[in-house]
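The values are calculated or read from the model by the stated rules, or taken from the named source; none is laboratory data. What you see is a predicted model, and the numbers here were worked out from it, not measured in a lab. Virtual Cβ from ideal backbone geometry, glycine too; neighbours counted across all protein chains shown.
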Amino acid sequence: MRAINTLLEGFRWLSRPGLRRYVWVPLSINIVVFALATWGFVHYLNVVMEHFLPADSWLSYLRWVLWPLLAVLFGLIVFYTFSLLANLIAAPFNGFLAAAVERLETGVTPDSGLTLAQEARASISQEVRKTFFFLSRAVVLLILSLIPVLNLIAPFLWFAFSAWVAYLQYMDYPMANHGIRFAEQRRRLRGRPLDTFGFGGLATVMMMVPILNLFAMPVSVIGATLHWCRHIKEEK
């Protein structure tokens, strides 16, 4: 519950003095990317449904059950993919936002030992590595999603996977500001199922809810940073 509480607290921090200038860039990026994701979901949903579940298929009598499951699966894949894209584009700005939040929370500016330009390059480089790390694991889920019958559980697996990805994704920003690399981050965040699936699950739901998904990125960065400062930073 601690991680969920800090995530929800992120909404109250959006308009906090000294923070707004760091919020608007990730917010703007999120608006553009999720507008494209929503358009893609609406535009291609019927095409995908007719391909995998045509009206004359042998499963047509179960169409009323399978159609919502496949629609949810397609939605999770679309919004998961676009959220990775949004985070890749906004990585340097999210790092600056996390640093500003930590400064306001603790009174101390995090020091990664890098210059501003080096931090921006490191953020993009780490984001690319994370993206390949996550995509390599998503391939297994994608294959499972294409197998008849087994794909019935795919939406639930995709949601759990998306929650895990979201938690690691957003915790990276405050931790990277202290020079902690992704492998070490995963080690320190391991063994926290309530935090992982509580924070990550709520962040995933936020990304799929219209209007709310526009604020999901900056709120999640703020929430992850507060969680880092209050509950993880001093642990080894």
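Quick notes on this one:
- Elements of type helices (runs of 4 or more DSSP H) in the stretch 122-236, at least 3 residues being crowded, with 19+ Cβ neighbours inside 10 Å, under 13 Å from the mean Cα position of the chain (by Cα) and among the aromatic types (Phe, Trp, Tyr): 154-176
- Here Phe159 fulfils each of the conditions (1) hydrophobic (A, V, I, L, M, F, W, C); (2) closer than 29 Å to Val32 by Cβ; (3) at pLDDT 90 or above apart from (3).
- Helices (runs of 4 or more DSSP H) lying entirely in the stretch 1-115 (those with 3 or more residues that are aromatic (Phe, Trp, Tyr) and modelled with pLDDT under 75): 20-52, 63-106
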